[in-house]
1. Consider just the alpha-carbon atoms of the range 129-195 and return their Rg together with their Dmax, both in angstrom.
2. Tell me the per residue accessible area of the chain using a 1.4 Å probe; a whole number in Å² is fine.
3. Assuming 0.692 mPa s and 37 °C, estimate D for the range 223-277 with Stokes-Einstein, Rh taken as the Kirkwood radius over Cα pairs, in µm²/s.
4. Over the Cα atoms of the range 326-415, each weighted equally, I'd like the Debye log10 I(q)/I(0) at q = 0.13, 0.16, 0.22 Å⁻¹, rounded to two decimals.
5. Does anyone have the angle between helix 42-54 and the longest principal axis of the chain? Alpha-carbon axes, 0 to 90°, nearest 10?
6. Take the alpha-carbon positions of the chain, form their convex hull, and give its projected area averaged over all directions (one quarter of the hull surface) in nm².
7. Roll a 1.4 angstrom probe over the protein heavy atoms and tell me the percent of accessible area of the chain that is carbon or sulfur.
8. Quick one: of the DSSP bridges fully inside the chain, what percent are antiparallel, nearest 5?
Amino acid sequence: MNRQCKSALTLRGILFILVASVCFSLIFFECNSPLGPSIGSDNAMYLTMGTAIARGYAPYSDIFDHKGPLLFILETIPQALSGGYSTLAVFIQEWLFLFACLIILHRICADAGCKTPWLVLLTYLALNAPLVSGGNLSELYTNLFTLAGLFLILRVFDRDGLPGARSLFLHAGGIGVMVMLCFMTRANNMLVLCCAVLGLTLALAIQRRPGAIGVCAGGFLLGSLAAAAPILLWLRHYGALGDAFYGAIIHNMMYAETDGIGRVTKLLHSSYGHLAMFIAAVACAGALLHGLHTRRFCVSLALIAGAAGAGIGAFISHKYYDHYLMLGTPTAAVGAALILSTLSSSAKARRTLAAITAAACCATLCVFGSQAYARRSADFSAMEQFTADAQALYAQVPEDERGSFMAYRVEPKWYVATGALPCMRFYFLQEILADADPRVMDEIVDTFETDPPQWLVIYYNRAFSPPYDPRVAEIFETRYAFVDAQGEYQLLRLIREDRP
């Protein structure tokens, strides 16, 4: 690492990061944007999850998701501070995470001797622009932890020799903290840093530094335990440790293996695969150039291994959602910083590359930004009618029976539109969750048999796939009575002998 080129973050740099992060957030975090939130699907689940826990629900046991417990906490914080179902509170949290990402990335650029940090920040934003999928996703949050881990790796290992044992232990502890925070947000998301750590271990083994490996292992383990302990205690407070293990580990793995397109086909014959290869190529090019230029191969191996980890994370599931590719953007941004640092001695080459990169990034941000703005505007307008229909039906549910209400298989934003909370823990995409684990549907059917919701909202005259489980369909037909319909949704009431 070129310490002579290291510089503090100036007021102008902070202002650039502030303006860039705010503009990016307003346009691309469309689900919660103050310009008019589109709400979205996953975001609606998280708004419901956070509001439910803020109002006393237990994570996993009362409200389910197959993400990690830290994501539950992150979604609860803005709702606990705002009173529930606040898109603005979530937007502020998203922006703070992006702002912190850019601050850390600027520091990485400065430490690496990159003379154009603004270009690296622009590259990071442009890479994420087509991938954020409206924002408020686990990858957005773990990218902060990944960048912090990469920063610590560069600080310790991008030098001619290693620091003292105490400094090595503390930095390894910090890396362990970041890996565990990624894991606790979503298990898949730790792969970038885990693979980077494996790359470092390999490099140290090649250099025959068993003592350094031992010190790093001790610090890494202690840091991991320190990060995990408060989260596990939080789960224990709710008595949800077992349910969390099932949701975040077991069901998450089952979900990843549900049917989909083959991995090789997706890699070679889709824009998803091509973008994944481009992101990895930028990271690997920076790592190789930096290693050849400085002869410090620990960082090179770590960054290449981290890029491989991002690729594994993007293809470990058969779902291939675009936001899975966000896992690789921190390694690509660091790779870009190392490329520009290597070219710092050639002003002409640096200026040419900077001009080409800046033009490509600006074009990318403009194209995808205009698409995001148009999509958000259309979804926000459609949400007005959706909200009117949902509230018209929910208004017919008596106040004292709203604790026994369920919107089954409809869009999760139904809860956001009405301010309602589900009375069953599997509150979204029930048959899809059951496709990963049939026990999910067994539990749902058992709940309908033993403690059925008094009120249901389901689709009305609308095709959807997969169809209702036959047992659930029979329950709807025989045990519930039609009350009203609005738009594509109908309200049903449980048939009871004591009710007229």
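The values are calculated or read from the model by the stated rules, or taken from the named source; none is laboratory data. All values reported here derive from a predicted model rather than from experimental measurement. Neighbour counts run over all protein chains shown; Cβ positions are idealised from the backbone, glycine included. Surface areas here come from the heavy atoms of the whole protein model, side chains and all, with no ligands, DNA or RNA. Shrake-Rupley method; radii C 1.70, N 1.55, O 1.52, S 1.80 Å.
1. Looking at the range 129-195, its Cα Rg and Dmax stand at 13.8, 44 Å.
2. Dividing the accessible area of the chain by its residue count gives 41 Å².
3. Diffusion coefficient, whole number: 232 µm²/s.
4. For the range 326-415 at q = 0.13, 0.16, 0.22 Å⁻¹, log10 I(q)/I(0) is -0.70, -0.83, -1.11.
5. It works out to around 80 degrees.
6. Taking the Cα atoms of the chain, their convex hull projects to 24.4 nm² on average.
7. Carbon with sulfur: 64 percent of the solvent-accessible area.
8. On the way: 11 of 15 bridges.
Antiparallel bridges make up about 75 percent of those DSSP assigns within the chain.
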